[in-house]
Amino acid sequence: MSDSIPWWQSGVIYQIYPRSFQDSNGDGVGDLPGILQRLDYVCSLGVDAVWISPIYPSPMHDFGYDVADYTGIHPLFGTMDDFDQVLEAAHARGLRLILDLVPNHTSDEHPWFLESRSSRDNPKRDWYFWRDPKPDGGLPNNWRGAFGGPAWTFDPQTGQYYLHQFDPHQPELNYRNPEVLAAMLDAMRFWLDKGVDGFRVDVITMMIKDVALRDNPPNPEWDGVNPADSLKPVYSRNQPEVHEIVRAMRRLLDSYPGDRVLIGETWVRGEYLQYYGAALDECQLPFNFDLIRTPWTAHDVCAAVEYYEAGVPQGGWPNYVLGNHDQPRVASRVGANQARVAQMALLTLRGTPTCYYGDEIGMENVPIPPEFVQDPPAVRQPEIADAVGRDPERTPMQWDAGPNAGFSAQDATPWLPLAADYATRNVAMQERDSTSPLALFRALTDLRRSEPALAVGDYATVKTGVADIYAYTRTAPGCAGSLIVLNFGCEAHTLNLSAVGFRAEIALATELQRGGVVELAALNVAANEGLVLRLVR
Ligand code: NOJ
């Protein structure tokens, strides 16, 4: 790949949820020495960067997204020395390391919050949102917590409410106070000085709230399930001033050598487009979750891609995410057959792919018996636990068919139950099977590396005339170019794609058993099949 193309543009990002990747000390929770042990596996996937969900000291009310010290390592995960070793070993293997930055809120045990809550005139009082009850004793506004209940908790010690839009243990920082941003930039500097390659910024859209904290209006599209969705976040997300904060973070990254990357956790279709910045001076990669949130049909996915292709600003670079620790696993959303098609889409569309650990072997959501449920939205709202709980997609990595799936020592109890199918769905078995999902994943990353058009080339939709089939080309000057044909349905089709070319060579098929040259005027595509075809000009 050309040196002028930054790694975050041509590369592939792999997300590790550290609690669930590899436990090295038998306490049932994954850790940094565990990640170190598995780095060669990560490299073998052909990915270019690892994003690790939070590893900082935390009381774990939201499994690390409640940070009590932005520049430390939670003893559960190891020591700072362990972290340094992971960073060094990653870099030695040519892998970049991205940390999760959680700037919107801290833990209620963070020293900043302890100070802030100690008295109304504490110098850090204004680092958080403290408000009096309404004259009638009511809550300061109608905002709701994403994990259930109102977004305000009353603190009897000082007689005011504090704001938290997730768990009550996650009070929100006030970025209208410049000291807060300065403190967060200092924390970022700490890691950048160590050589970390960037940050994935948690709920980046929420860092600034309406000055007057006005009530949010009702959400007319609410499906009646999760009360947190019953209001439109008009005054709690995407406030214009948030962009100044994002720009300050980006300026800091840009002041360091190397291509440090700022990834924003943006959620909603369209929202992500605002976070490139008017002068491309915000996130290089504002997350695009459309492959997760769009109904899995050829028509809907094509429409989502076309919308995105038309919207990404000139000079901005797209990205796609297929799964993460907050969303049902892709294999459970679309089924095992279509999960292969989805991986092919993720790794061949124009944009940086982000892959969630375990999806490369087709891990599925694991049903969690009520007594093992741990995720705060599910614990706090048992009546809608199935709809809001995220434990099913966070279960331990399935390494082999041995005790505890190779995740943890034989006599350990993993923090979440293992999948029932781990003896038949695991890395060791799939390494021996040349048609496994793992083999497909590796073949896709190999192909991206060998064909620059797939990594960085242009995108164009190809009309197929078949409702279940979505096709597109990826082309770059001086390259043969690729045609990708994805069958979202369970019927075979013969397509006439002669408008694209006469002949093509099958570079990769999702079932990994097809090759050879094909005539594009009569291209056979099997049910649930995806093909990457190298165009023969
Ligand atoms: C988004 C994170 O991905 C999620 O896991 C977390 O619960 C919330 N932000 C709050 O930090």
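The values are calculated or read from the model by the stated rules, or taken from the named source; none is laboratory data. Just so you know, these numbers come straight off a predicted model, no measurement behind them. Cβ: placed from backbone, ideal geometry, glycine included. Neighbour counts: every protein chain shown. SASA here: full protein model, heavy atoms, side chains in, ligands and nucleic acids out. Shrake-Rupley method; radii C 1.70, N 1.55, O 1.52, S 1.80 Å.
Annotations
- Annotation: aspartates and glutamates with alpha-carbon distance below 16 angstrom to Lys194 (same-chain offsets under eight excluded): Asp81, Asp82, Asp84, Glu88, Asp100, Asp186, Asp254, Asp259.
- Part-to-part distance (alpha-carbon centres) for region 15-41 and region 193-212, which is given in Å: 25
- Rounded to 10°, Cα long-axis angle of helix 437-450 versus longest principal axis of the chain: 80
- Accessible area (Å², 1.4 Å probe, nearest 10) - Ser408: 10
- Region 459-536 - percent relative contact order, Cα under 8 Å, separation 6 or more: 33
- Across the protein chains, with a 1.4 Å probe defining accessible surface, the residues Glu244, Glu364 rank Glu244, Glu364 from largest area downward.
- Ellipsoid semi-axes in whole angstrom, largest first, where each is sqrt(5λ) of the Cα gyration tensor of region 312-420: 28, 19, 12
- Region 466-486 and region 104-131: distance between their alpha carbon centers, rounded to Å: 53
- Solvent-accessible area of Cys355 with every protein chain in place, 1.4 Å probe, in Å² to the nearest 10: 10
- Stretchable slack from Thr71 to Ala336, in nm (0.36 nm times residue separation minus alpha-carbon distance): 91.4 nm
- Cα-Cα separations in region 104-253 greater than 21 Å, expressed as whole percent: 48
- Equivalent-ellipsoid semi-axes of the chain, from the Cα gyration tensor, Å, largest first: 40, 26, 23
- Listed by chain and number, the lysines whose alpha-carbon sits under 29 Å from that of Lys232, ignoring those within fewer than 8 places in the same chain, are Lys134, Lys209.
- Comparing Cα centroids, region 235-252 and region 140-170 end up 23 angstrom apart.
- For the chain, with +1 on Lys and Arg beta carbons and -1 on Asp and Glu, the positive-most of Leu114, Met184, Gly402 along the dipole: Met184
- Secondary structure note: in the chain, about 60% of the DSSP beta bridges are antiparallel.
- Selection from Gly264, Gln157, Tyr472 lying farthest towards where the dipole of the chain points positive, charges on Cβ: Tyr472
- Integer Hz, Karplus 6.51/-1.76/1.60 couplings in order for region 207-217, x for Gly and Pro: 5, 10, 10, 3, 3, 8, 6, 5, 4, 7, x
- Between amide H atoms placed 1.01 Å from N, distances below 5 Å from Val50 occur with Tyr14, Arg96, Leu97, Ile98, all of them 5 or more places distant or on a separate chain.
- Spin-label pair Ala279/Arg131, simplified geometry with 7 Å Cα→Cβ offset, distance in nm: 3.4
- Descending semi-axes in Å of region 459-536, equivalent ellipsoid built from Cα gyration tensor: 18, 14, 11
- Using the rule -39500 (n - 2.57) for each DSSP H run of four or more residues, divided by the residues of the chain, the 222 nm mean residue ellipticity is -7000 deg cm²/dmol.
- Overall Cα dimensions of region 120-179 - principal axes, largest extent first, Å: 30, 25, 18
- Estimated inter-spin distance, Asp193 and Ala401, nm [label 7 Å along Cα→Cβ]: 5.1
- Normalised by the number of residues in the chain, the average gap of Cα pairs under 8 Å and 6 or more apart makes the relative contact order 13 percent.
- Measuring r between the beta carbons of Ser118 and Ala387 and using R0 = 35 Å, the FRET efficiency lands at 0.35.
- Heavy-atom accessible area with a 1.4 Å probe sorts Tyr56, Tyr422, largest first, into Tyr422, Tyr56.
- Gain on full extension, evaluated as 0.36 nm per residue between Glu109 and His299 minus their Cα-Cα distance, stands at 63.6 nm.
- When each of the peptides 125-131, 517-523 is scored by how many other beta carbons lie within 10 Å of its residues on average, the order from highest to lowest is 125-131, 517-523.
- Carbon-plus-sulfur accessible fraction, the chain (probe radius 1.4 Å, protein heavy atoms only): 51%.
- Heavy-atom accessible area ranking, 1.4 Å probe, most first, across Met344, Met429: Met429, Met344
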